[in-house]
Amino acid sequence: MRLLSLHLYGHDANVTYYDGTEIKYLNIERLKQQKKYYYTDTELQFIKRDLQFMSIDWNNLDAVSFCCHEYTVNDLDWTFDDGPVREVSKEIFQSAFPFIDITAKKYYRVMHHYAHKRSADWLYGDTDKALVIDGHGDYKEHLSVFDKNTKVKNMHFSDMLSIGRLYALTTLLFMKSSNSGPNSVQDNVGKIMGLLSYGKFNEDYADYLRQFDFEDVTAQMYNHVQFEKYQYKKRPKVIEQCTQDSIGYVPSFDMVDWMHTWQEVLFDFLIEFCHKYFDKDEKFSFSGGVAHNVCFNERLSKEFPNVVIPPCVGDEGLSLGCMYELLKMHDISIAFPQGQYTDESVDKIDKITVAHIANSIITGKVVANFQGMSEIGPRALGRRSLFYRTDMQTVPELFNNRRIKNREWWRPYGIIILEEELSNYLDTTTKSPYMLHTAQVKNKEALRGVVHVDNSVRYQTVNEDDGWLYDVVSRVFKSTGVPAIVNTSLNRQGYPIMYSKAEFFDYIQTVPGDVFVMGNEVFENV
C-alpha cells in the first residue's frame with residue numbers, strides 16, 4: 001500500500017508519504033530553508049527532484065489526498081456538498097497540480113478545516129468535537145466547529161472579518177511585508193505577539209467593543225481610528241527601539257494599547273463562543289493558524305481542561321490530516337510521525353553527552369543542540385534548540401549582544417520546565433509538551449532571564465518519558481535549584497529551524513555560541 005498526501009500552495013508546503021511500512025513527513029520549508037515555503041504551478045515540475053531522498057513511488061500510488069483552495073478551471077465542481085472528503089477524477093487533480101506527473105488509483109480532496117481536525121485526531125485519538133480558526137480555508141471559511149465529520153458551525157468572510165485576517169491586517173500597520181525568499185511568507189503576526197504585552201488595557205474602549213455581537217466585533221476591532229475616541233491620555237510617542245534596525249517597525253504606544261485591548265476582549269468573545277459548543281470537561285481539539293496564539297491557548301485550557309492542541313496547528317499540518325484520512329479509509333494503524341523525515345542519521349545521545357550539555361548550561365554557557373529529526377511544528381522542542389540558564393542574564397539582551405539570535409528586542413524566550421515542578425514556578429497546571437501555552441511567573445528570581453514584561457513566560461513541560469531531555473533539565477535542577485532551562489529554536493535570523501547536518505556545521509563556523517552538540521559530537525569555542 002502506497003499513500004501520498006499533499007499541501008503545496010499558499011504557504012507551508014508539506015508532504016506525507018506512507019510506503020507500506022513507514023510514515024515520512026516533511027515541511028518543505030526545512031529542506032528549502034525558506035520560511036513558510038510554497039510551490040508555484042511552474043515550480044511543481046521540480047518537486048520530484050526536491051523529494052528524491054524520500055523515495056516516493058510517484059507513478060504507482062494507491063491513493064492521493066490533498067488540500068487546495070477553490071478552482072474554477074473548466075467549471076469543475078469543487079464544493080463539499082457530500083461531506084468533508086471527496087473523491088475526484090484524475091483530470092480534476094491535474095487541474096489543481098499542473099506540471100507534476102502523479103499516477104494513483106484514487107484521488108481525494110480533503111476540506112481544509114477538516115484536514116486541520118484530522119491532524120489532531122491522528123496524534124490524540126479521534127475526538128468527536130473540534131474547533132478550527134484561521135485566516136481562511138476553502139471558500140473563505142475561517143471558523144469551523146465539527147462534531148465528527150459534520151460542521152455544526154461555519155463562518156465565512158461574508159459572515160465576519162476572520163480572526164486570522166484581523167491579526168494579519170493589523171500587523172501590516174506595524175511592519176513592512178517582506179519575504180524571506182522568492183516562494184516564502186514572512187510570519188509577521190507571530191513577531192508582534194510579544195509586543196502586545198507592552199500595551200495598557202483601555203477599559204472605555206473595551207466597553208465599546210463589548211456592545212457588538214461576535215460576528216460584528218472583529219471588523220470593529222480593526223477600526224483603530226475608533227480607538228482614539230477612548231484613548232483620553234494619549235501615548236503617541238513612537239517606540240524608538242522598534243525602528244533602530246530600520247526593519248519597518250513604527251508603532252506608537254497608542255497603537256500597542258489599541259491592539260492589546262482588542263485582543264483581550266477578543267479572548268473573552270472566543271471563550272463565550274466555545275461555551276456554546278463545548279462542555280467544560282469535554283475533550284475537543286483546537287487547530288488552525290490562530291491556535292499558534294499561546295496566550296489564548298492558556299485561557300482556553302483553563303476554561304476547558306481537556307482541550308488538545310497539536311504541535312502542527314497551522315497549514316504545516318494539512319498533509320498529516322489528509323494522510324490520516326487515507327489511513328482510516330484503508331484500515332491502517334500507524335503512529336503519528338515523530339519529526340521531519342530525513343535520510344541523514346545522527347548517533348543517539350548517550351549519558352556522557354547528556355551530562356556535558358547539563359554541565360555546560362550550569363556553568364552559564366550557550367549550548368546549540370542538534371539531535372535526531374527536526375521537530376514537527378514551528379517550535380523547537382529540544383532536538384533543534386539553543387539552551388541557556390533561566391536565572392542569569394536577560395536572555396534577549398544577551399543573545400542579541402552576542403549575535404546569537406539577533407531578534408527584535410521585545411520578543412520573549414521560552415523555557416523547558418520539569419512537569420512535576422510546573423505549578424511551583426508558574427501559575428498554571430496545564431501541561432504543555434509542544435510549547436503552546438504561556439503562564440504567569442510565580443518565582444521571578446529563578447526565571448529572571450526570561451520573564452516577559454507582563455510577568456509571563458512561554459513554556460514546554462517535560463517528564464520522564466522525554467528521556468535525555470528530561471535528564472538534562474533534572475541535572476540542572478539538582479545543581480542550581482531551578483527546574484528549567486531556556487529553550488529557543490536553532491536557526492539563523494529569518495530562516496526556519498535547522499534541518500541538515502551541513503547547515504549545523506556551517507552554523508558552528510559563523511555563530512558565536514559556546515558549545516555545539518550533534519549526537520555525541522561536541523565542539524566548543526575556547
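Each reported figure results from applying straightforward, stated rules to the coordinates on display, with no laboratory input. Note that this is a predicted model, so its numbers are computed, not measured. Don't worry about glycine lacking a Cβ; one is built from the backbone with ideal geometry, like all the others, and counts go over all protein chains shown.
Computed quantities for the displayed model
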{"quantity": "Pairs beyond 32 Å (Cα-Cα), from Lys36/Lys276; Lys233/Lys405; Lys140/Lys191", "calculated": "Lys36/Lys276; Lys233/Lys405"}
{"quantity": "Cα centre as origin, Lys/Arg/Asp/Glu Cβ charges: segment 313-432 dipole, Debye", "calculated": "560 debye"}
{"quantity": "Stretch in the chain that is longest and holds no trypsin sites (Lys or Arg not before Pro) that DSSP places in a loop and that have at most 10 other beta carbons within 10 Å", "calculated": "281-526"}
{"quantity": "Where only alpha carbons of the chain are counted, the Rg and the Dmax (Å)", "calculated": "23.0, 68"}
{"quantity": "Debye intensity ratio I(q)/I(0), log10, segment 351-524, q values 0.10, 0.16 Å⁻¹ (C-alpha model)", "calculated": "-0.32, -0.89"}
{"quantity": "The chain - share of DSSP beta bridges that are antiparallel (%, nearest 5)", "calculated": "70 percent"}
{"quantity": "Exposed-loop-free span, longest in the chain, where GluC sites (Glu not before Pro) count as exposed if DSSP calls them loop and at most 16 other C-beta atoms lie within 10 Å", "calculated": "71-227"}
{"quantity": "Among Pro310, Gln371, Leu31 the positive-end extreme of the charge dipole of the chain (Cβ point charges)", "calculated": "Gln371"}
{"quantity": "Summed side-chain charge close to Thr480 - residues other than Thr480 whose Cβ falls under 12 Å, Lys, Arg +1, Asp, Glu -1", "calculated": "+1"}
{"quantity": "Qualifying chymotrypsin sites (Phe, Trp or Tyr not before Pro) in segment 292-346, DSSP loop, other Cβ atoms within 10 Å at most 14", "calculated": "none"}
{"quantity": "Given charges at beta-carbon only (K, R positive; D, E negative), |dipole| of the chain in Debye", "calculated": "1340 debye"}
{"quantity": "For Leu270, net neighbour charge (Lys/Arg +1, Asp/Glu -1) across residues whose Cβ lies under 14 Å away", "calculated": "-3"}
{"quantity": "Span-like helix ranges in the chain, DSSP H, alpha carbon extent 27 angstrom or more, Kyte mean at least -0.5", "calculated": "253-277"}
